[in-house]
Amino acid sequence: MHRSACGTDKGNLRKTNEDSMLCMDSMGFYMVADGVGGHNSGEVASRLAVELMKDLLLSTPPDGVEEQDLPEFFNRCLWHINEEIYRRASADGENTGMATTAVMLLLRKGDRKPIYSMWATVVPIFTGKGSLSASPRIIHT
């Protein structure tokens, strides 16, 4: 099992901290979600992203997923998370436009290097005309 410590700070520029973290040492899974500043409820979106990811990983642990299938596994997780963030943002005027980014890392037992990492934008994405798109953008895998 891996051992970690997690912490976050709002930094010197922001009044609030919109970061949320998930540290699951037993699975070797770590995630930081950073609410998008300038949008409503970034802290809600980031917290929701890590809570949903935790639920998904507890119900379907990645330890049974072959290495070559990890991108698809995490893409499905992100789609689910994105759909829920989008649904809640659309249903609740207070959270309209909430957005977050996510960075994830998976370590397998005995490994000293990351087996899988991904940076993604998990948001109701603004299409440029003020409307929302329910598509996560996977930036790097």
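What follows is calculated from the coordinates using simple rules that are stated; it is not laboratory data. The shown structure was predicted, so the numbers you read here are calculated from the model rather than taken from an experiment. Methodologically, a virtual Cβ is constructed for each residue, glycine included, from the backbone with ideal geometry; neighbour enumeration extends over all protein chains shown.
Between amide H atoms placed 1.01 Å from N, distances below 5 Å from THR101 occur with ASP34, GLY35, VAL36, VAL122, all of them 5 or more places distant or on a separate chain. Computed 3J(HN,Hα) for the stretch 84-91, one whole-Hz value per residue from the Karplus formula 6.51 cos²θ - 1.76 cosθ + 1.60 where θ = phi - 60°, is 5, 4, 4, 4, 5, 5, 6, 7, glycine and proline marked x.
Taking amide hydrogens as placed 1.01 Å from N in the peptide plane, the amide H of ARG108 sits under 5 Å from those of ILE115, each at least 5 positions away in sequence or on another chain. Per-residue Karplus couplings for the stretch 66-77, computed as 6.51 cos²θ - 1.76 cosθ + 1.60 with θ equal to phi - 60°, are listed in order as 5, 3, 5, 9, 4, x, 5, 4, 6, 4, 4, 4 Hz, Gly and Pro entered as x. Farthest towards the positive end of the charge dipole of the stretch 36-97, among the residues ALA91, GLY64, LEU52, is the Cα of ALA91, using unit charges on the Cβ of Lys, Arg, Asp and Glu.
Sorted fewest first by neighbouring Cβ atoms within 10 angstrom, SER20, SER59, SER26, SER46 come out as SER59, SER26, SER20, SER46. Here the simple spin-label model places points 7 Å from the Cα toward Cβ, and for GLU83 and SER26 these points are separated by 2.7 nm.
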